[in-house]
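All remarks here apply to the structure that follows.
The values are calculated or read from the model by the stated rules, or taken from the named source; none is laboratory data. These figures come from a predicted structure and were not determined experimentally. Cβ atoms come from the backbone with ideal geometry, glycine included; neighbour counts cover every protein chain shown.
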Amino acid sequence: MYCPTIWADFGLVGDPARSCWWAVTVMSRQRCRTIAQNIALLFGSSLFCFFVIEMGYRVLDPFPFFSRDEINHTEHGNLSTYDQALGWKGVPGGTAEFVTENNRVWLAHNGYGFRDIEHKDSNDKKPAIVFLGDSFTWGYEVEFGEMFVNQLRDRLPSYEIFNLAHRGYGTDQEFLTFTRWRDNRPLKFVILMFSENDVEDNNSSVRYTKPKPQYQLVENELVLTGVPVPKIEDWTHSRPAEMVLNSWRTKLKKILFRSHFLHVIYFRYSLFRSSNKGNRIRKDGKGADLTLTSRILEELKKEVERRGAKLVVFFIPSKREIERLDDSLPYQIEIADLCQKRGIEYFDLASDFKTSWYRTYYRHGGHWNSRGHQVAAEAMYTYLTRDVSP
């Protein structure tokens, strides 16, 4: 093919073969340069979009990543200790840095072993409000000032608020804790925070690998069994942390999952894979035995009223219900029926959590994040001020 115009452009008139070769070479270089520019533009645009999305997640839905070697599920000795009546209790004056998959917080107990303030003079006339509960009320994975109990304390300065909760407790241990609590202030309210696993706790003599007391019905009487609680070796000699050599995959995760965006993608993928594994609700449609829980609530109500106060039960909704992870019925339905039959006032926090636009539960596990505690504090303040306002 004769290309005089192209040859003339390169000064190669008279040699068609050589001229075409040079033309093809130049056009190939221009094509490669264009492709390289397009790739660079695509990479730059993708990188820009990634940073925009990353910043969006860090602002709207922040989620830190802690590698496996950073996590410290501190338990024996520094925050919990053996108790022959309760199974375990908080270490008086215990302190520890607590690192989970969701957060890094500083924990400190008061002189009685509760994650609470130091209460001074018990002879004043300031009425008291007592909170009973498990890890939600204890403030699992949140800072002290973020706990809903402490937010209520700030908003109800005319009352002395006690937090007698400890992680892992069932309603039975919470009842026993209240019977041991003594204070000379007039008692106004006892707030029982009820969570989904409390029924299972009440029906068990061992929870979270630790022995605990258990109530039994003997001739229709509630009798405490398993006391003194056996003392396992871990309370005396805690097991040392095992050294784990991280594989290259673990090291890669540790680097990549510092990104909130990449962590969200992996989290959603893991959630999708586990969605077919079911949940704790029994497949035969029958719920857990509520007999012991019912009687414990009844005895707690009697003890509270004997002290001249009022018992109110607040239901902590499950993460499955709020984030619609499955179609199981809320556990609160059966417990609310128990309370109604025994004349116990109750309130379900689920409606308030469902109206929150922001995430209220941590991604891992089923506990509230700081915003969840804020939602709970707002709802409980609105409810309680009907009767608690000075």
Return a yes/no flag: does segment 213-226 have any residue that is part of a strand (DSSP E or B), in contact (Cβ under 8 Å) with a residue 12 or more places away in the chain, under 28 Å from the mean Cα position of the chain (by Cα) and under 30 Å from Tyr383 (Cα atoms). no
Over segment 179-197, the set of residues in contact (Cβ under 8 Å) with a residue 60 or more places away in the chain, closer than 17 Å to Glu305 by Cβ and of a type in the set (Phe, Trp, Tyr) is Phe189
Could you please find all residues in segment 53-106 being surrounded by 15 or more Cβ atoms within 10 Å (Cβ to Cβ) and of a type in the set (S, T, N, Q)? Ser67, Asn72, Thr74, Asn78, Ser80, Thr81, Thr100, Asn102, Asn103
In segment 172-212, which residue that is more than 18 Å from Ile316 (Cα to Cα) and small (Gly, Ala, Ser) is nearest to the chain's Cα centre (by Cα)? Ser204
For segment 107-159, give me each residue that is surrounded by 15 or more Cβ atoms within 10 Å (Cβ to Cβ), in a strand (DSSP E or B) and of a type outside the set (Val, Ile, Thr). Leu107, Ala128, Phe131, Leu132
Looking at Gly111, is it assigned by TED's automatic domain parsing to the domain that holds Glu143, of a type outside the set (S, T, N, Q) and on the phi > 0 side of the Ramachandran plot? no
Within segment 160-173, how many residues turn out to be of a type in the set (D, E, K, R) and either part of a loop (DSSP other than H, G, I, E, B) or not assigned by TED's automatic domain parsing to the domain that holds Gln216 (or both)? 1
Which of the residues belonging to segment 160-187 are surrounded by fewer than 18 Cβ atoms within 10 Å (Cβ to Cβ), charged (D, E, K, R) and modelled with pLDDT under 95? Arg182, Asp183
Is it true that Phe347 is under 16 Å from Leu297 (Cα atoms), aromatic (Phe, Trp, Tyr), modelled with pLDDT of 95 or more and surrounded by 14 or more Cβ atoms within 10 Å (Cβ to Cβ)? yes
